[in-house]
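This report concerns only the one structure given below.
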Number of protein chains: 2
Amino acid sequence: MAKANKLKIIPLGGLGEIGKNITVFEYKEDIIIVDCGMTFPEDEMLGVDIVIPDITYLIKNKDKIKGLILTHGHEDHVGAIPYVLKKINIPIYGTKLTLGLLSTKLKEHNLGDVELNTVKAGDTIRLGEFQVEFIRTNHSIPDSVALAITTNIGTIIHTGDFKIDYTPISGEVIDLNRFAELGSRGVLALLSDSTNVTRRGYTMSERSVGDTFKDLFSKADSRIIVATFASNVHRVQQIIDAAELYDRKVVVSGRSMVNTVTVATELGYLRMEEGTLIDINEMNRYRKDELVIITTGSQGEPMSALTRIAFSEHRKIELFPDDLVIISASPIPGNEKTISRIINKLIESGTRVVYEDLAEVHVSGHACQEELKLIHTLVKPKFFMPVHGEQRHLKMHADISHSLGTPKENIFILENGQTLELTKNTANIGPSVQAGNILVDGLGVGDVGNIVLRDRKHLSEDGLIVVVVTMSKQDGAVIAGPDIISRGFVYVRESEDLMEEARCVVKKVLSECEKKKITDWATLKSNIRESLRDYIYEKIKRNPMILPIIMEV
Amino acid sequence: MAKANKLKIIPLGGLGEIGKNITVFEYKEDIIIVDCGMTFPEDEMLGVDIVIPDITYLIKNKDKIKGLILTHGHEDHVGAIPYVLKKINIPIYGTKLTLGLLSTKLKEHNLGDVELNTVKAGDTIRLGEFQVEFIRTNHSIPDSVALAITTNIGTIIHTGDFKIDYTPISGEVIDLNRFAELGSRGVLALLSDSTNVTRRGYTMSERSVGDTFKDLFSKADSRIIVATFASNVHRVQQIIDAAELYDRKVVVSGRSMVNTVTVATELGYLRMEEGTLIDINEMNRYRKDELVIITTGSQGEPMSALTRIAFSEHRKIELFPDDLVIISASPIPGNEKTISRIINKLIESGTRVVYEDLAEVHVSGHACQEELKLIHTLVKPKFFMPVHGEQRHLKMHADISHSLGTPKENIFILENGQTLELTKNTANIGPSVQAGNILVDGLGVGDVGNIVLRDRKHLSEDGLIVVVVTMSKQDGAVIAGPDIISRGFVYVRESEDLMEEARCVVKKVLSECEKKKITDWATLKSNIRESLRDYIYEKIKRNPMILPIIMEV
């Protein structure tokens, strides 16, 4: 059976987008899954909290699934796991820090009965037809790995998220030798991170940020507040190192920052002297120039600790004009304005703020063009499939692969749900499976779709007018109303005339329908809606949602 | 009377924000206004089209106003003029292109009876107590000027928006000598553009973009589409120059691009050979490699020509996979994701897209740090007031001024509505006047405020539940209902149980109220709202707007 001997690679997320990474590998009767991430909603997904992948294909094939392999602990690689586990229970494989962070998340979702298997870089595990080797990489979170996935067909390398850092903060440099060995032996296909592919050159070492911290700390004469990504343990380590160098105590603020610091310290990924970390309630026992606060909120998130500090809404931390605030992060696209607002608010309070435009307080965790070329050159894959990127990233990564000698017909830009079918010598795009976005809003998973979003957008732009009339079931006579109520439309007090005229428009429709003896409520409602819509648009060039309601008595 | 002899400078917009620039100068019984711009709504201003300054102060003092002086024709300097002219008629002074572009706008608003006075760089006009001299500058639109405003008190220089371009495309280099002469004679205060103050070094010459165009055009073997800002006449000139160099015809698409090209050509700001420009309907008479399309949409605006081309919704221009699309612009903060979406869509169609990350296809129109220092050093002002910037820009510009020798007490960071009062030797912050944002939504100006926006936000996040009950006026008995209608909340078909249970919750409230003989509708509504809100939040952790309506019969 030729079909059964093909290896299928099916990205259910992460292609044509940054985030929501999940890739399915299927061979004979076995499936393994690599990562299971979430993403943040697009602007038009109003009211949505997070977005997770559609896993219908996995639910249909749940008996084949041998395991979920994690490359690292970032939300865009593990964030959807709690939702998926509620549908299908799967054994999970990952490195110590990855599983440590995941455990906290599973506890929050009251998921107890999950099989978590700790692996380390260099390990190889067997899952049915698959042999999976974990290869050490560098990234903006410790304990990140790439994967070499081997079946009878050959070896596939999936880089996960990575950069090349020759002088990493903890752990060791990415295992270039292992990539080279596998490349020499022959790699059937490479799936490689495309996030930073539009950037020329090399990503700077994480260590360069530490030098900036030391410089800034050496000159600071009062309290220092540093905001960064909670998961960037290397960054937190460097803040702690600089604090210890200049005899400052460290306070941690923000739920996710407290979680990460706790887990990373317990598992040995954060090193500090006894007594460096102090409780937030002990702060007032120290002078301001003896303190560093590490906090969440580097993206200007509305409920984060930094935002609450900036707007004087933090219960424990008051902002002082002589504070130095360091925002050690880049804006994730879409967050630029929110971050600017926090910076402006902080500066308004007299605080000095150092952010990416002003000093080297951040480096990326993703490989730039020259690093991508290095890995590609070491691995020498027969087939290439760029992953983790929008269309423009995937296309450019494909062009780079071609410039390195890969024939165009051996390069595959897929969409989520498409299948790459591989034999020992061939690759082609096979039939697609169901894939897409599942929206999570509150406790509801998937109950917000296009109609709900379209209504939310309509309501958000011009608000709503409700028209209520009580009518006689027998003869269609108006018994009470019409009453008109609006929300999000105009200041009613300043627009009394408009609303009164709107009522007259509805009355006119009602009396016309009465004359014509229309007792079909659907027609009546649609007449009310159209007349009112035309009147309002003519008067004020707005298009509120109009909701006619008829009560029968 | 000491008070009357003070010169007041009152920014009504443009401080603490990028956009909506308008500054009032008041001396004795005379007022002049510099610029009158609009800005785009913040994310939380849902449904709002544009934002204009609150000009209550000008309306109160309209008899004093001698004129409105324009520095250049960008929307953030002229966009609010039609709205202001509907309240107060003022003579307007500006250079030829500025007034040419303004005329088109006034026609669209059916404003005929406006006094427009054309001036040119080098001119000086007298307006009551004020003498206003126009000084040539460089910017991303031709015919931009700075102003030297002189009264008995002394001379104030307002830079307008500017950069220093030693090799400008049309017109001449900024009149550095005049800034130097005024500086040598003594300048009381400098108001200077802060937009690019966080960028080190110098802004590149507009000419550098032309070199990139020539390079890209020389290699292109099919059609070229270039998207840029409609108002950037220099950029359009360079696209036309490159087109002529490589024997291509030029098609213009997008309403504002057509407007600008028409006005700029008529007034002599765009030069091209006879026959270069062709009608969009003549396109099919040429080969693809004989065509360049200049279009709007460089910010990914949903209704723009480029967006319509990308999504195959343009009536006249079809996208071909061998097109080369050049996006000759930077994202304005907040537009990053919209632009990415267009780029991804274009690439998906097979098109090659060149944007700012990939080649030098854009330069800014605003001065960077070294240029700001140059002007400051030439002008040598006694007092300094940074303008055109968010808090972080103003603060940094103040720091730069201080580093150049201005004493801290001579530097003033104002907020919109604050007053800087000047005598020949002193400056201080005087009493504030009314200032703020007026929101324009459709034809409504100022009728959308905080309550309407709060409701739109609420509706956008979790939608709406309307509860209608018809009740007896006499005894408070339920006659019909409760009916429950939702919009933007959940897929009703998938949530029938939830909605049915919600109805039961309301019924229970009604029967309890009936028992307690509550006939006060306000109390009844509030009971319904609270019980339903608690039930829904408990069930699904969402907080829709709940609108109870009681019909009395």
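The values are calculated or read from the model by the stated rules, or taken from the named source; none is laboratory data. As the structure is a computational prediction, the values presented were derived from the model and not from experiment. Cβ atoms come from the backbone with ideal geometry, glycine included; neighbour counts cover every protein chain shown.
Descriptive notes on the structure:
- Single residue of the stretch B:528-553 satisfying the filter (closer than 25 Å to A:A480 by Cα and touching a Leu at 6+ places or on another chain (Cβ under 9 Å)) that is modelled with the lowest pLDDT: B:I550
- Boolean, A:D193 is within 28 Å of A:K424 (Cα to Cα) and in contact with a Phe, Trp or Tyr (Cβ under 9 Å, 6 or more places away or on another chain): yes
- All told, A:G94 meets the bar of being buried (at least 24 other Cβ atoms within 10 Å of the Cβ) and either of a type outside the set (F, W, Y) or touching a helix residue (DSSP H, G or I) at 6+ places or on another chain (Cβ under 9 Å) (or both).
- Top-ranked residue of the stretch A:452-475 - restricted to ones that are more than 9 Å from chain B (Cβ to nearest Cβ) and among the polar types (S, T, N, Q), ranked as farthest from B:L46 (Cα to Cα): A:Q474
- Apart from one condition, A:S432 fits all of (1) touching a residue at least 24 places away in the same chain (Cβ under 8 Å); (2) in a loop (DSSP other than H, G, I, E, B); the exception is (1).
- For the stretch A:364-389, a residue qualifies if it is surrounded by fewer than 23 Cβ atoms within 10 Å (Cβ to Cβ) and either within 19 Å of the chain's Cα centre (by Cα) or within 12 Å of chain B (Cβ to nearest Cβ) (or both), and the qualifying residues are A:S364, A:H366, A:C368, A:Q369.
- So B:S486, is it within 12 Å of another protein chain (Cβ to nearest Cβ), assigned to a strand (DSSP E or B) and touching a helix residue (DSSP H, G or I) at 6+ places or on another chain (Cβ under 9 Å): yes
- Helices (runs of 4 or more DSSP H) (entirely within the stretch A:231-327) containing at least 2 residues that are among the charged types (D, E, K, R) and in contact (Cβ under 8 Å) with a residue 24 or more places away in the chain: A:233-245, A:255-266
- Selected residue (only one of B:I164, B:I153 is within 25 Å of the chain's Cα centre (by Cα), of a type outside the set (D, E, K, R) and surrounded by fewer than 22 Cβ atoms within 10 Å (Cβ to Cβ)): B:I164
- Restricting the stretch A:291-315 to residues that are of a type outside the set (A, V, I, L, M, F, W, C) and surrounded by fewer than 16 Cβ atoms within 10 Å (Cβ to Cβ), the residue that is nearest to the chain's Cα centre (by Cα): A:P302
- When A:G442 is tested against the conditions (1) surrounded by 21 or more Cβ atoms within 10 Å (Cβ to Cβ); (2) within 10 Å of chain B (Cβ to nearest Cβ); (3) touching a residue at least 24 places away in the same chain (Cβ under 8 Å), the lone failure is (1).
- Residue count for the stretch A:393-410, restricted to those that are within 14 Å of another protein chain (Cβ to nearest Cβ) and either free of Cβ contacts under 8 Å to residues at least 24 places away in the same chain or in a strand (DSSP E or B) (or both): 5
- As a summary of the residue check, A:Q434 satisfies the conditions (1) under 35 Å from the mean Cα position of the chain (by Cα); (2) at the interface with another protein chain (Cβ under 9 Å from one of its Cβ atoms) except for the one numbered (2).
- Any chance A:K62 is farther than 18 Å from A:L191 by Cβ and without any contact (Cβ under 8 Å) to a residue 40 or more places away in the chain: yes
- Qualifying residue in the stretch B:187-199 (condition: away from chain A (no Cβ under 14 Å), among the acidic types (D, E), part of a strand (DSSP E or B) and touching a Ser or Thr at 6+ places or on another chain (Cβ under 9 Å)): yes
Conditions (1) in the same structural domain as B:G47 (by TED's automatic domain parsing); (2) β-branched (V, I, T), marked per residue:
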| site | (1), (2) |
| --- | --- |
| B:E421 | yes, no |
| B:K424 | yes, no |
| B:A427 | yes, no |
| B:S432 | yes, no |
| B:A435 | yes, no |
| B:V440 | yes, yes |
| B:I451 | no, yes |
| B:R454 | no, no |
| B:K457 | no, no |
